[in-house]
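Contents: one structure, followed by commentary.
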C-alpha cells in the first residue's frame, strides 16, 4: 500500500467520487456556491489548492483547527505513538495515555470550574452531549431536558432532542422529551424547572449557530435556578472551549460553575477525533455506581492511543504558545475592525462574539435602490444576502467563511488561534471590499444570486 501513489492516482476526482458514493446533493451545493475547490495541502491558517492558490481559512473545520492545520507538535506526537507500537484498544485494561489526558483535562478544567474531577472520553462532540444527557438522567432520576432556542448540540437523536432549530429536527420522528427556552428569559426557565421533571439545562455559552451571546446575568441566573430545582447545569464547550473565546473555557467570562462540561473539536489538534464529558465525581458515580455497572456506558474507540496523544499534545501547544491570550488580543483587533465596518456599511446591523468567535449580521439597507436589491434576493430565500457575501469573499479574496445558520443573514468567523495580525487585517479588508461592492446595485455580488437560483433550479 502506497498512500502517496493512491492520492496521486485519484488526484482531482474528489467531487466525482463523492457524487457517486457519498452525498451528491452536497457536491451540488458546493458547485453552486463556488466552493468546489480541490485542496491538496494545509499549513497553519492556510489551505492550498491543486493549482497552488492559497486560501485563508476562517472556518477552521467548524472550530477543529484552533492550532491551524498540521501543527508540528501534534504531528510529532502521533508519529511517535505509531513508532512505539503501543498496545492500543485492549479494552480490558486501563490505557496509560487516557489516564494522562484525563489528568490534564481535570487540571485545566479546575482552573476554570473548580469541582470538576472526572472524565469520560468520546469520539465527538455529539457523543459527548449524548453522554452528558445520560449522566444527567442517571444523577437526577428525571426524564426531561431544557435547552435554548437556536441551540446546536449535535445531530444524533439524543443531541437532536436539545437542538433549537426545526430545520435539523424535521423528518426524524419522535425525539427525547425536551423544551426550548428563549435566551435571556429566566422566568421561562424557572417555569419549566418548577415542574420538577427536568434532568438538566444544557447551553452553549455562546451559540455556534448565529453567534448569539447571552446577557451577562442569564447564565449565572440559569445555573442558580438549576441548583434551586434539582436539575444539572451543563455547558456545551465543544466549539467555545480551549481558548476560542479568549478564555480557556468560555464559561469563565461569567464565573460559572457547571456540573458537566462537554468538549471536543479543538482537543483533537485536527488529527484524531476526540471528545470528553468532564463532570463531578458524585455525578460520575451515579452512572458507574457499582462493580456490576462498571461498563454500563462505554464506546469502542473513545480512549484510542492516537486520540489521547493528540489531546495531550494539543493542550501542551495551547499552553506553550499562549494561544488563549492570543485569541483575546487578536479578538479585540478583529472586533474593532468589524465595528468600524458596521459604521461604514449600512447593511451591517450587528457584530458580536468573544475572542476569535465572532459574527456579523446583516439587515435591510436604508437606500431605496439597495433595499430593492435586498428584497429581491431575500424573496428567493431568507439568508441569501449573507450567502452572497460568503461567495464574494471566496471568489474575490479566497477567504473561507460560512453563513452561521440556516435562514439567517449572519456570517461566523472562526479563524485558527495561530493567525497573526496580518491575517486578521486581510480578512477585514476582504470583507470591506465585498461589502463596498454590495453598495452598487445592480451588478457586483448581486449578480451571484442569479447563479444560485439557476444552479438550484438545475439540481
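The values are calculated or read from the model by the stated rules, or taken from the named source; none is laboratory data. Bear in mind the structure is a predicted one, so any value in this text is a computation, not a measurement. Positions of Cβ are generated from backbone atoms using ideal geometry, with glycine treated the same way; all protein chains shown enter the neighbour counts.
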When the residues of the range 92-103 are narrowed to those that are in contact (Cβ under 8 Å) with a residue 24 or more places away in the chain and more than 20 Å from residue 116 (Cβ to Cβ), which ends up nearest to the chain's Cα centre (by Cα)? 97
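Matching residues to (1) in contact with a strand residue (DSSP E or B) (Cβ under 8 Å, 6 or more places away or on another chain); (2) in the same structural domain as residue 360 (by TED's automatic domain parsing); (3) crowded, with 24+ Cβ neighbours inside 10 Å:
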{"site": "185", "(1), (2), (3)": "no, no, no"}
{"site": "198", "(1), (2), (3)": "yes, no, yes"}
{"site": "203", "(1), (2), (3)": "yes, no, yes"}
{"site": "213", "(1), (2), (3)": "yes, no, no"}
{"site": "223", "(1), (2), (3)": "yes, no, no"}
{"site": "240", "(1), (2), (3)": "yes, no, yes"}
{"site": "264", "(1), (2), (3)": "yes, no, yes"}
{"site": "271", "(1), (2), (3)": "no, no, no"}
{"site": "277", "(1), (2), (3)": "yes, no, yes"}
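Considering every residue within the range 413-432, establish whether at least one is modelled with pLDDT under 95 and either over 27 Å from the mean Cα position of the chain (by Cα) or surrounded by fewer than 23 Cβ atoms within 10 Å (Cβ to Cβ) (or both). Even if it seems obvious, please write down each step before you answer.
Of all residues in the range 413-432, those modelled with pLDDT under 95 come to none.
Taking every residue of the range 413-432 in turn, none turns out to be modelled with pLDDT under 95 and either over 27 Å from the mean Cα position of the chain (by Cα) or surrounded by fewer than 23 Cβ atoms within 10 Å (Cβ to Cβ) (or both).
Could you please let me know if residue 280 is out of contact with any helix residue (DSSP H, G or I) (no Cβ under 6 Å at 6 or more places or on another chain) and closer than 30 Å to residue 253 by Cα?
Against the criterion (out of contact with any helix residue (DSSP H, G or I) (no Cβ under 6 Å at 6 or more places or on another chain) and closer than 30 Å to residue 253 by Cα), residue 280 qualifies.
Please return the ranges of helices (runs of 4 or more DSSP H) entirely within the range 28-131 where 1 or more residues are surrounded by 15 or more Cβ atoms within 10 Å (Cβ to Cβ) and assigned by TED's automatic domain parsing to the domain that holds residue 284.
On the way: elements: 60-63, 72-84, 96-112.
In the range 28-131, 72-84, 96-112 are the helices (runs of 4 or more DSSP H) which contain 1 or more residues that are surrounded by 15 or more Cβ atoms within 10 Å (Cβ to Cβ) and assigned by TED's automatic domain parsing to the domain that holds residue 284.
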Specify which of the listed residues (363, 302) is surrounded by 15 or more Cβ atoms within 10 Å (Cβ to Cβ) and either in the same structural domain as residue 259 (by TED's automatic domain parsing) or touching a residue at least 40 places away in the same chain (Cβ under 8 Å) (or both). 302
Given (1) touching a strand residue (DSSP E or B) at 6+ places or on another chain (Cβ under 9 Å); (2) assigned to a helix (DSSP H, G or I); (3) crowded, with 22+ Cβ neighbours inside 10 Å, residue 445 misses just (1)
In the set 63, 34, the lone residue that is in contact with a helix residue (DSSP H, G or I) (Cβ under 8 Å, 6 or more places away or on another chain), at pLDDT 95 or above and on the phi > 0 side of the Ramachandran plot is 63
From the option list 382, 333, 342, 352, single residue qualifying as closer than 30 Å to residue 75 by Cβ and not assigned by TED's automatic domain parsing to the domain that holds residue 120 is 333
Restricting attention to the range 344-359, does a residue exist that is in contact (Cβ under 8 Å) with a residue 40 or more places away in the chain, assigned to a helix (DSSP H, G or I), touching a helix residue (DSSP H, G or I) at 6+ places or on another chain (Cβ under 9 Å) and loosely packed, with under 15 Cβ neighbours inside 10 Å? yes
Where residues in the range 421-442 are in contact (Cβ under 8 Å) with a residue 60 or more places away in the chain and not in a helix (DSSP H, G or I), which of them is nearest to residue 361 (Cα to Cα)? 439
Among (1) surrounded by 19 or more Cβ atoms within 10 Å (Cβ to Cβ); (2) under 30 Å from residue 411 (Cβ atoms), there is one condition residue 169 misses while meeting the rest; what is its number? (1)
Could you say whether any residue in the range 288-304 is over 23 Å from the mean Cα position of the chain (by Cα) and part of a helix (DSSP H, G or I)? no
Does residue 235 meet the test of being within 26 Å of residue 287 (Cα to Cα), touching a strand residue (DSSP E or B) at 6+ places or on another chain (Cβ under 9 Å) and part of a helix (DSSP H, G or I)? no
Tally, over the range 384-413, of residues that are in contact with a strand residue (DSSP E or B) (Cβ under 6 Å, 6 or more places away or on another chain), part of a loop (DSSP other than H, G, I, E, B) and under 24 Å from residue 212 (Cβ atoms): 3
When residues of the range 201-232 are limited to those that are part of a strand (DSSP E or B) and touching a helix residue (DSSP H, G or I) at 6+ places or on another chain (Cβ under 6 Å), the one farthest from residue 383 (Cα to Cα): 232
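Considering only the range 132-157, state which residues are part of a loop (DSSP other than H, G, I, E, B) and either more than 25 Å from residue 311 (Cβ to Cβ) or not assigned by TED's automatic domain parsing to the domain that holds residue 202 (or both). Reasoning before the result, please.
Let us first name the residues in the range 132-157 that are part of a loop (DSSP other than H, G, I, E, B), namely 141-143, 149-156.
Listed by number, the residues that qualify are 141, 142, 143, 149, 150, 151.
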